[in-house]
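A short reminder: the numbers here are calculations on the coordinates, not readings from a lab. This one's a predicted model, so the numbers in the text were calculated from it and none came from an experiment. Note that each Cβ is placed from the backbone with ideal geometry, even for glycine, and that neighbours are counted across all protein chains shown.
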Amino acid sequence: MYTQSMDTMAREGGDNAPRVLEDAALQARFDERIDAGGFIEAKDWMPQDYRKTLIRQISQHAHSEIVGMLPEGNWVTRAPTLKRKSILLAKIQDEGGHGLYLYAAAETLGVSRDELLDALHSGKAKYSSIFNYPTLNWADVGVIGWLVDGAAIMNQVPLCRCSYAPYARAMIRVCREESFHQRQGYDALLAMMEQGTDAQRAMVQDAINRWWWPCLMMFGPHDADSTHSAQSMRWGIKRISNDDLRQKFVDATVQQAQVLGVTMPDPDLRWNEERQHWDFGKIDWDEFWRVVGGDGACNRERLAMRVKAWDDGAWVREAATAHAAKQAARLAAAQAAQHHDTEQLQAA
Ligand code: FAQ
């Protein structure tokens, strides 16, 4: 309080010089730490734009995790065996947990979970475009594990070295779990390809044909069209660019597709000896922006489901708040009684 009133007096008097000098010193210390590849903790000073960028990215990521539970949730009651059902349940539960770690990481930046969820429910906040596509058959669940979790890991491993330490720490745990998710997806597809019928093999190929391009879109627009990349890379929030991550994903995935015995729906996909990378075709960015803008196949359904889950859970939040208030009242009464006893003892 005292410091704040001193600040106000300085500004009212028009002498802002000490504050400006102090901010410049803090900024210099922040820049030095970032340039040295160091980490920023929640209590450290940080520029407002750095804080804003992190809140935006971490909350979009958190929303993606919990909206991402919905496409697979669609298949829990129809999983082909008990084993696959329990694996799927555990995976979906993990995604919910990732959302919680990420909301908690965003909260360390001074924003409340209610504000973040309100932005999601009102349609203001973005979440990953990939979760606005439908899951039409069981192979879609395997493909989500293999390709969607695969793309997520490719993007998230560098985030374990993000300059904002609470986000980086959350990502370490998330990546460990995502790598299990990817393997279970690949395993489910391998079972269909190696032990399945022709119809089941056709289902796998059909699912890959529908998910391949949307997965490439997950990495975001080309570097040249990416609003935030340059600054986020300078701040060490993003360590590898959208296009480089997309290329790494294609290079890793094409080989896995060959082992699986499937093809990618891209006539331009071919090995480039000179680049030592796989070349691939043009991404339909009109489709990407249409889906990001809210007009994908499932945008409305996904948002309606999240809002319903929030409304249905109101009684749990109300019960927990009432319980916490009762506990606090009991504690206050006990402390008051103890205080009263002490006073009486002292008076005696
Ligand atoms: N979808 O300037 P950039 C998962 C937006 S988790 C929707 O390049 P940035 C786990 C972007 O927000 C998947 N919007 O942006 C799982 C920005 O709009 P804004 C999520 C997108 O932030 C698996 C605008 O375009 N992962 O899958 C998308 O530097 C299975 C301009 O773009 C993360 O969130 C998109 N795909 O780079 C769960 C990882 N791409 O905010 C269940 C963390 C871009 O200005 C089942 N996030 N936009 O209005 C990131 O790494 C980055 O935020 C990027 C985008 C790379 C996604």
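Structure data summary
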item: Hits in the stretch 158-179 - residues which are more than 11 Å from the ligand (Cβ to nearest atom) and surrounded by fewer than 24 Cβ atoms within 10 Å (Cβ to Cβ); result: Cys160, Arg161, Ser163, Ala165, Pro166, Ala168, Arg169, Ile172, Arg173, Arg176, Ser179
item: Matching residues, the stretch 186-221, being assigned to a loop (DSSP other than H, G, I, E, B), surrounded by fewer than 19 Cβ atoms within 10 Å (Cβ to Cβ) and in contact (Cβ under 8 Å) with a residue 40 or more places away in the chain; result: Pro221
item: Helices (runs of 4 or more DSSP H) (entirely within the stretch 46-127) containing at least 3 residues that are within 12 Å of the ligand (Cβ to nearest atom); result: 48-67, 69-73, 82-107
item: Conditions (1) within 9 Å of the ligand (Cβ to nearest atom); (2) closer than 25 Å to Ala42 by Cα; (3) of a type in the set (A, V, I, L, M, F, W, C); (4) in a loop (DSSP other than H, G, I, E, B); number of the one not met by Ile240; result: (1)
item: Selection from the stretch 287-300 of residues that are free of Cβ contacts under 8 Å to residues at least 40 places away in the same chain, assigned to a helix (DSSP H, G or I) and under 13 Å from Phe131 (Cα atoms); result: Arg300
item: Filtered residues of the stretch 128-150 (kept if more than 7 Å from the ligand (Cβ to nearest atom), of a type in the set (Gly, Ala, Ser) and either in contact with a Leu (Cβ under 6 Å, 6 or more places away or on another chain) or within 16 Å of Gly68 (Cβ to Cβ) (or both)); result: Gly142, Gly145, Gly150
item: Residue in the stretch 304-314 that is surrounded by fewer than 10 Cβ atoms within 10 Å (Cβ to Cβ), over 25 Å from Trp211 (Cβ atoms) and more than 14 Å from the ligand (Cβ to nearest atom) present; result: yes
item: Gln182 vs. criteria surrounded by 15 or more Cβ atoms within 10 Å (Cβ to Cβ) and at negative phi; result: yes
